[in-house]
Amino acid sequence: ITLVRIAMIPIFMVCMELSYHSLPMTAAALLVFILASVTDFIDGHIARKYNQVSDFGKFLDPLADKLLVISAMCIFCAWNVFPAWALMVVLTREFAVTGLRLTAVGNGRVIAAGWSGKVKTASTMVSLCILIVFWDVARFGWAIPDVCSEVIRWVVIVVIVVTTVISGVEYFVKNWDVFRNTK
């Protein structure tokens, strides 16, 4: 299921690029993003229900999530909808947590996604769905004032940045001992 999510990323990106001037492609991009996001929850549920949690899954599942959400953020960044500084906060957290996980693996330990990481992923996915719908409502003549669109955009950015920072801090606080055991 995780591999299906990864395979959906290029489809999502093509739909997003084509959505710039097309409401049907915006709907297609949103649908692909939602389906890819839902596979994350289905995959986790099945793995826990049938006790099929593996080290490979603990590694690949968060990677698939990162690739999906960062692909959306990169497109929005290119369109000047998502600020580059916010994208850098997300990327810095992702690289830092990946570095932490790699250090832990070197010590024979696998760090699974924590609760705040799951909240971050879910809130980021929902926020990006909202942004896909509302990023530029004027282009399709919707009767939503531009100020509402701008407020929605900034709420999405704040939610993504705040949950990203909180979950990043939690990973390091809970797993700081990984660094004490390195040579």
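Data table
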{"item": "Positive minus negative residues near Ala122 (Lys, Arg vs Asp, Glu; Cβ under 13 Å)", "result": "0"}
{"item": "Euclidean distance of C-alpha centroids, the range 6-27 and the range 31-103, integer Å", "result": "18"}
{"item": "Within the chain, helix-based [θ] at 222 nm, where runs of 4 or more DSSP H residues each add -39,500 (n - 2.57), nearest 500", "result": "-27500 deg cm²/dmol"}
{"item": "Förster-model FRET efficiency, 30 Å R0, Val105 and Ile42, C-beta, rounded to 0.05", "result": "0.70"}
{"item": "Highest to lowest packing among 118-128, 151-161, scored as the average C-beta count within 10 Å", "result": "118-128, 151-161"}
{"item": "Protection proxy ranking, peptides 24-33, 99-108, average beta carbon neighbours within 10 Å, highest first", "result": "24-33, 99-108"}
{"item": "Simple label model, 7 Å out from Cα along Cβ direction - Leu3 to Ala112, nm", "result": "2.3"}
{"item": "Contour excess over end-to-end distance, with Cα ends at Thr92 and Phe56 and 0.36 nm allotted per residue", "result": "10.7 nm"}
{"item": "Two-site label geometry, Leu31 and Cys148: point separation in nm, points 7 Å out along Cα→Cβ", "result": "2.5"}
{"item": "Percentage relative contact order, the chain, counting C-alpha pairs under 8 Å, at least six apart", "result": "24"}
{"item": "Whole-Hz couplings from phi, Karplus 6.51/-1.76/1.60, listed for the range 153-166; x for Gly and Pro", "result": "4, 6, 5, 4, 4, 5, 4, 5, 5, 5, 5, 5, 5, 4"}
{"item": "Rounded to 10°, Cα long-axis angle of helix 55-78 versus longest principal axis of the chain", "result": "30"}
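Read the figures in this text as sums done on the coordinates, not as results from a lab. Keep in mind that what you see is a predicted model, and the values were worked out from it rather than measured. Backbone-built Cβ (ideal geometry, glycine too); neighbour counts: all protein chains shown.
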